[in-house]
Every structure is written in structure tokens, then in C-alpha cells.
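Just below is one structure, and these are the notes that go with it.
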Amino acid sequence: MAEHTIKQFDLELDDLKSRVLLMGGIVEQQMRQAMQGLYEADQTLLAAVEQGDSRLDEAEIQLDTACNQIIAKRQPTAIDLRIIIGVQKTGLELEKAGNKAVKIARTARALHAKHTLFTPSVELRHLAEDALDMLRKSLDAFARSDTLAATEVLQADDLVDAEYRSITRQLITFMMEDPRTISLSLEIMNMAKAIERVADHARAVAENLIYITAGMNVRHFSVEEVRTHLLGQQDSH
């Protein structure tokens, strides 16, 4: 990204990026606490996830305000406007991811209260680890403006979707074989869906980075098509 004549504008755009990464750090912490609280049946840790949500909401409001102030003051066009709009969208995706972490924590609290012997399956743990890995990689790519690293996040989303479908099929089988498992299975299914949605929001962060950096809307292209386009852009510079 070329530097602006007005250095203050560059500082303001850097500030927006820092705000996004701050939000990302809060979401990552929320998810780690939610999953650790689930694994260890730690009600205190699960309650802390909800407390972090107010910090995230405040950070998202501040990011949105900062974006609107820059638009009003600088009246940006073309690439600059694209950056600010992309940052606003990214803030919203992270705020939604934080909401899903809270949902996971609340479901885990209820689950452990009702089913004291509950232990998360290996499949659920794998799903959570892969969703967290996507979140971390999307934030790392955003920090480095690395569009090719962002495509790895797009690719990983297919794996998470497949894992989620597998867990759902397994739970449906349990419920059909033993109706006594219905209540527990539905709660696990809700949790698995929330984890899968965190992965979706991580994917959206990666998509927004590609839009911000390369001006490409990736939603209607395969991962290979996106990579080819990005490599072509790099070669032309």
C-alpha cells in the first residue's frame, strides 16, 4: 500500500489495523477460555468468557467510530475507502465470533450442570482446535497483510465443515438408537454449530483481508482461482 502525502492518514489507517488485532486477541482468548472451561468443567473460566464480551463490544464500537470519523474527515476514495469498509466488516465478524464463544461457554455451563459426567468427544475437541487454528491464522495473515496465507484459511474451512457434518451425523445416530441421549446430543450439537460458526467468521476475516489488499471479492471463486489471481497480481508488480 502506497504511503499518503498526509502522514497522519497513514497513522490513522495503522490505528484501525491495531484495533482489529486487539479485537482478534479478545476473541481468541474467549474461545480458548470457553474450550478449556468445557474440557475441565471449570465454571469460573466459563463465566469469564461472558465478561470478556463487554470488552469486545466496546472495542467494536470504538473501531466503527474511528472508521466513520476517518470517512467524515478524509472523504477517502477508491483503495482507501475499500480499506476502511473492509476493516469495518472485519470488526463485525470478530464481534460475531465473540458472541459464538459466549454461546459455547453458556452451553458448556448448562451441560456440566445437568450432566456431571460429561466428557467432550475427541471429534468435538478436533473441531474446536481446527476452528481456533483458523482464527489464529486469519489474524496472523491480517497482521502481515499476507493474502496467500489468507487462502490457507479458506481451504481449512472445508475441513471444519466436514468435521461438523460428521459430528452431526454421529449425534443423530445416538439419538435414534437411544432416545435418552436426545437432550445431551442436542446441546452438543448446538455447541458444535457455534464452533463451526467461529470458523466461518475466521474465514470471513481472511476474505476481508483479500478484499482490502487485492480488491478481490472471493465469495464466488474457488480457493485455487483466488490463489492464481493473487499470484498473478504479485507477478505483475
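At a glance:
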read-out	value
Verdict on A128 being modelled with pLDDT of 95 or more, part of a helix (DSSP H, G or I), more than 29 Å from M216 (Cβ to Cβ) and not hydroxyl-bearing (S, T, Y)	yes
Of residues in the range 147-184 being of a type in the set (S, T, N, Q) and at pLDDT 95 or above, the one farthest from G91 (Cα to Cα)	T173
Close pairs from the range 26-40: first surrounded by fewer than 22 Cβ atoms within 10 Å (Cβ to Cβ), partner outside any helix (DSSP H, G or I), Cβ under 7 Å, at least 6 apart	Q36/D42; Y39/P120
Test: residue in the range 148-168 that is more than 22 Å from I83 (Cα to Cα), touching a His at 6+ places or on another chain (Cβ under 8 Å) and not basic (K, R)	yes
From D10, D64, D53, residue being at pLDDT below 95, touching a helix residue (DSSP H, G or I) at 6+ places or on another chain (Cβ under 7 Å) and either within 23 Å of S138 (Cα to Cα) or loosely packed, with under 14 Cβ neighbours inside 10 Å (or both)	D53
Matching residues in the range 88-120 - criterion: being within 17 Å of D42 (Cα to Cα) and either touching a Leu at 6+ places or on another chain (Cβ under 6 Å) or outside any helix (DSSP H, G or I) (or both)	A105, A108, R109, H115, T116, L117, F118, T119, P120
Residue ID - farthest from A108 (Cα to Cα), chosen from residues in the range 173-195 that are among the β-branched types (V, I, T) and either crowded, with 20+ Cβ neighbours inside 10 Å or out of contact with any helix residue (DSSP H, G or I) (no Cβ under 8 Å at 6 or more places or on another chain) (or both)	T173
Given (1) under 30 Å from I104 (Cα atoms); (2) surrounded by fewer than 19 Cβ atoms within 10 Å (Cβ to Cβ); (3) free of Cβ contacts under 8 Å to residues at least 60 places away in the same chain, index of the condition G232 fails	(1)
Residue in the range 68-78 that is out of contact with any helix residue (DSSP H, G or I) (no Cβ under 8 Å at 6 or more places or on another chain), outside any helix (DSSP H, G or I) and not β-branched (V, I, T) present	yes
Residue match in the range 138-146 (condition: over 20 Å from M23 (Cβ atoms), surrounded by fewer than 22 Cβ atoms within 10 Å (Cβ to Cβ) and not hydroxyl-bearing (S, T, Y))	no
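The values are calculated or read from the model by the stated rules, or taken from the named source; none is laboratory data. No experiment lies behind these values; they were computed from the predicted model shown. All Cβ positions, glycine included, derive from the backbone under ideal geometry; neighbour counts span all protein chains shown.
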